[in-house]
1. How many residues are polar (S, T, N, Q) and open to solvent by less than 60 Å² (accessible area, probe 1.4 Å) when one looks only at region 94-103?
2. Considering only region 181-195, how many residues are open to solvent by less than 60 Å² (accessible area, probe 1.4 Å) and either assigned to a loop (DSSP other than H, G, I, E, B) or in contact with a helix residue (DSSP H, G or I) (Cβ under 6 Å, 6 or more places away or on another chain) (or both)?
3. Enumerate the pairs (first residue in region 192-205 and in contact (Cβ under 8 Å) with a residue 60 or more places away in the chain and on the phi < 0 side of the Ramachandran plot; second residue anywhere and hydroxyl-bearing (S, T, Y) and open to solvent by 10 Å² or more (accessible area, probe 1.4 Å)) with beta-carbon separation below 7 Å, excluding pairs fewer than 6 apart on the same chain, so at least 6 apart or on different chains.
4. Taking interchain pairs and intrachain pairs at least six residues apart, which have beta carbon atoms under 8 angstrom, with the first residue in region 101-116 and part of a loop (DSSP other than H, G, I, E, B) and the second surrounded by fewer than 19 Cβ atoms within 10 Å (Cβ to Cβ) and of a type in the set (V, I, T)?
5. Quickly run through region 124-158 and pick out the residues that are hydroxyl-bearing (S, T, Y) and within 28 Å of A79 (Cα to Cα).
6. Being in contact with a Ser or Thr (Cβ under 8 Å, 6 or more places away or on another chain), open to solvent by 60 Å² or more (accessible area, probe 1.4 Å), closer than 22 Å to N202 by Cβ and not aliphatic (A, V, I, L, M) narrows it down to one of K86, K66, K177, K163, so name that one.
7. Regarding V50, is this residue β-branched (V, I, T), within 21 Å of the chain's Cα centre (by Cα) and modelled with pLDDT of 75 or more?
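The values are calculated or read from the model by the stated rules, or taken from the named source; none is laboratory data. Keep in mind the model is a prediction, meaning the values are calculated, not measured. No Cβ is skipped: glycine too gets one built from the backbone with ideal geometry, and neighbour counts run over all protein chains shown. The protein model used for the area step is the full one, side chains on, heavy atoms only, and it has no ligands, DNA or RNA in it. Shrake-Rupley method; radii C 1.70, N 1.55, O 1.52, S 1.80 Å.
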Amino acid sequence: MRGHLNALLIPLILITLLLFGALGFGYWAYAGRQDYKDNVDEKIAAANQVEDQRITNTLNKQFAEKEKNPLTTYNGPEAFGSMAIKYPKTWSSYVAVNNQSSSAVDGYFYPGAVPDITNTSNSYALRVQVVSQSPSDLMQRYQGNVQAGTIKVRPYSLPMVPKVIGNYLTGQIQDQKQGQMVVLPVRNQTLLIWTESSAYQNDFNNIILKNFSFLP
């Protein structure tokens with residue numbers, strides 16, 4: 001008799017557990033459905049707001065890219081390779097030329113107004129210099145960073161000046177600044193082209209370097 005009761009007790013327990021499980025699932029499903037029913041307008045409004053923001057962001061990016069054209073051109077001195085720098089028309093530039101300085105050409109480019117060039121903490125969309133150091137001497141400055149792995153280097157030539165081979169640096173090109181830099185020989189000096197923020201990497205590669213030219 002006891003064995004018979006035990007045999008009936010186990011299925012009864014299983015059925016009870018299943019019943020409670022089914023009731024719990026039913027309540028969860030009902031509560032979710034009721035929440036959706038009660039808040040459907042708010043949920044639809046929230047979803048529409050997210051989608052509207054996504055569309056707005058996309059349109060703003062498209063407009064910003066379109067506004068960069070037509071490109072503006074800065075033409076450098078003949079003595080330093082007659083460089084032609086094409087950059088977005090939404091950017092401003094400040095370029096100092098001093099034949100007696102170690103940086104014969106020193107240029108700053110940035111969207112809108114160029115930030116204070118005396119403040120070393122400012123980062124610029126584009127920097128261009130012609131310096132008196134040779135490319136090999138200048139590259140020695142970054143040797144420690146290359147060995148430490150904070151800078152990667154590869155050979156590089158500008159699309160519009162393919163015969164002049166230099167270096168393309170990526171990483172910590174300056175203290176507290178991550179970016180990309182191109183080092184090229186120009187006559188008996190060195191041309192430096194770099195960006196000081198990853199935010200301008202696409203412009204640097206697709207606009208600046210793609211259109212940059214000079215006479216070797």
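1. Qualifying residue count for the region: 2.
2. Step one: list which residues in region 181-195 are open to solvent by less than 60 Å² (accessible area, probe 1.4 Å), which gives 181-186, 189-195.
Filter again for either assigned to a loop (DSSP other than H, G, I, E, B) or in contact with a helix residue (DSSP H, G or I) (Cβ under 6 Å, 6 or more places away or on another chain) (or both), leaving 183, 185, 190, 195.
Residues in region 181-195 being open to solvent by less than 60 Å² (accessible area, probe 1.4 Å) and either assigned to a loop (DSSP other than H, G, I, E, B) or in contact with a helix residue (DSSP H, G or I) (Cβ under 6 Å, 6 or more places away or on another chain) (or both): 4 in total.
3. Hits for this filter: E196/S123; S197/S123.
4. Hits for this filter: G112/T90.
5. Y124, S132, S134, S136, Y142, Y156, S157
6. Working: K66 fails: in contact with a Ser or Thr (Cβ under 8 Å, 6 or more places away or on another chain); K177 fails: open to solvent by 60 Å² or more (accessible area, probe 1.4 Å); K163 fails: closer than 22 Å to N202 by Cβ.
Only one candidate qualifies: K86.
7. So V50 does not fit the description; no.
Each row is one residue, and each column tells you yes or no for (1) surrounded by fewer than 16 Cβ atoms within 10 Å (Cβ to Cβ); (2) at pLDDT 95 or above; (3) more than 28 Å from Q176 (Cα to Cα).
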| residue | (1), (2), (3) |
| --- | --- |
| R54 | yes, no, yes |
| A79 | yes, no, yes |
| V105 | no, yes, no |
| G112 | yes, yes, no |
| S121 | yes, no, no |
| V131 | no, yes, no |
